[in-house]
Amino acid sequence: MRFPADEIFGAPAAVLALHGFTGCGGDFDALRLRFPDAFFDAPDLHSADVPADFRGLVAALLARFALLPAPAGAPRVLLGYSMGGRVALHVALEISRRKLWRAGDRLVLISASPGIADAAERAARRERDAALAAKILAAPSAAAFYETWRRTPLIATQDRMPEPRRSRLLRARAAADKTLWARALAEIGTGALPPLWENLGEIDVETMLVCGAEDAKFSAVADAMRARLPRSRVVRVPACGHAPHLEAAD
């Protein structure tokens, strides 16, 4: 049986993969193994070397996407999960406005949202994110914060990850710099970035909107995005929640 991803990540595709909040580039290792002939560039968005200002981040990611080693005619894939998907949408919009997509390019968004359209709701989310950032900074360690955070209902289904992937993920979270998690909330949190709902029609590239079948919130978001993205389709992965690439990578 062929899966939709086989059409996108097969050789000689080149992928720029952007992880979610508290994540790291290693979160895409299972996809690297699943598609060994594809090239993956998965930068750590929580690195101290990553531009703190959002415009600088978008410019840096545009440059990385342009440098992906994809032969002529091979797909370049911009892939983003959750927070990384939100960033990927801004990068994709910039690529579209500059008319830099090539034939065969793809956009893959996993559990992603274009943001919060209502200004009052967006302001309230900024306040909640600021409170969460304070909680992160007050935690004695990244591991201590993540031990609580991973029980958040939205991501609690990640506990279904098979071993040794689950243990590797927990070790990576424990080794993270929690101050950069707090910075990410302030700079690229859901409340921090302008919403792109009204701009989705400008993104003219084949797009796959991936969501877990058990993630009701982001399934609904994917359907709403599908109505506005001109060349998109929704793929629901059964028996998983917010992080299909972690929970059901195979």
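Structure above, values below:
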{"quantity": "Exclusive hit being under 27 Å from A143 (Cα atoms) and either modelled with pLDDT of 95 or more or charged (D, E, K, R) (or both), set L200, L229, L180", "calculated": "L180"}
{"quantity": "Residues that are open to solvent by 60 Å² or more (accessible area, probe 1.4 Å) and in contact with a His (Cβ under 9 Å, 6 or more places away or on another chain), drawn from the stretch 187-208", "calculated": "P194"}
{"quantity": "Residues (open to solvent by 70 Å² or more (accessible area, probe 1.4 Å) and either in contact with a Gly (Cβ under 9 Å, 6 or more places away or on another chain) or among the β-branched types (V, I, T) (or both)) located in the stretch 133-152", "calculated": "T148"}
{"quantity": "Criterion (within 22 Å of A124 (Cα to Cα) and open to solvent by less than 70 Å² (accessible area, probe 1.4 Å)) met by exactly one of A213, A182", "calculated": "A182"}
{"quantity": "Which numbered condition R76 fails, given (1) more than 30 Å from P230 (Cα to Cα); (2) in contact with a helix residue (DSSP H, G or I) (Cβ under 9 Å, 6 or more places away or on another chain)", "calculated": "(1)"}
{"quantity": "Single residue of P75, P12, P43, P4 found to be open to solvent by 60 Å² or more (accessible area, probe 1.4 Å) and either modelled with pLDDT under 95 or out of contact with any Cys (no Cβ under 6 Å at 6 or more places or on another chain) (or both)", "calculated": "P12"}
{"quantity": "Elements of type helices (runs of 4 or more DSSP H) in the stretch 76-159, at least 3 residues being closer than 22 Å to R32 by Cα and of a type in the set (G, A, S)", "calculated": "83-97"}
{"quantity": "Condition met for R168 (crowded, with 17+ Cβ neighbours inside 10 Å, outside any loop (DSSP other than H, G, I, E, B) and touching a residue at least 40 places away in the same chain (Cβ under 8 Å))", "calculated": "no"}
{"quantity": "Selected residue (criterion: nearest to V77 (Cα to Cα)) from residues of the stretch 197-241 that are out of contact with any helix residue (DSSP H, G or I) (no Cβ under 9 Å at 6 or more places or on another chain) and basic (K, R)", "calculated": "R231"}
{"quantity": "Residue check for A184: in a helix (DSSP H, G or I), over 30 Å from R76 (Cβ atoms) and touching a residue at least 40 places away in the same chain (Cβ under 8 Å)", "calculated": "no"}
{"quantity": "Among the residues listed as S232, S219, the single one being without any contact (Cβ under 8 Å) to a residue 24 or more places away in the chain and open to solvent by less than 50 Å² (accessible area, probe 1.4 Å)", "calculated": "S219"}
{"quantity": "First in the stretch 33-57 and within 16 Å of A172 (Cβ to Cβ) and part of a loop (DSSP other than H, G, I, E, B), second anywhere and open to solvent by less than 60 Å² (accessible area, probe 1.4 Å) and among the aromatic types (F, W, Y), Cβ under 8 Å, 6 or more apart", "calculated": "A42/F28; H46/W181"}
{"quantity": "Test for A156: is it within 18 Å of the chain's Cα centre (by Cα), over 18 Å from C24 (Cβ atoms), buried (at least 18 other Cβ atoms within 10 Å of the Cβ) and of a type in the set (A, V, I, L, M, F, W, C)", "calculated": "no"}
{"quantity": "Test: R173 is in a helix (DSSP H, G or I), of a type in the set (D, E, K, R) and within 17 Å of the chain's Cα centre (by Cα)", "calculated": "yes"}
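The values are calculated or read from the model by the stated rules, or taken from the named source; none is laboratory data. Please read all numbers here as calculations on a predicted model, not as lab measurements. Cβ: placed from backbone, ideal geometry, glycine included. Neighbour counts: every protein chain shown. Only protein heavy atoms, including side chains, enter the accessible area calculation; ligands, DNA and RNA are left aside. Shrake-Rupley method; radii C 1.70, N 1.55, O 1.52, S 1.80 Å.
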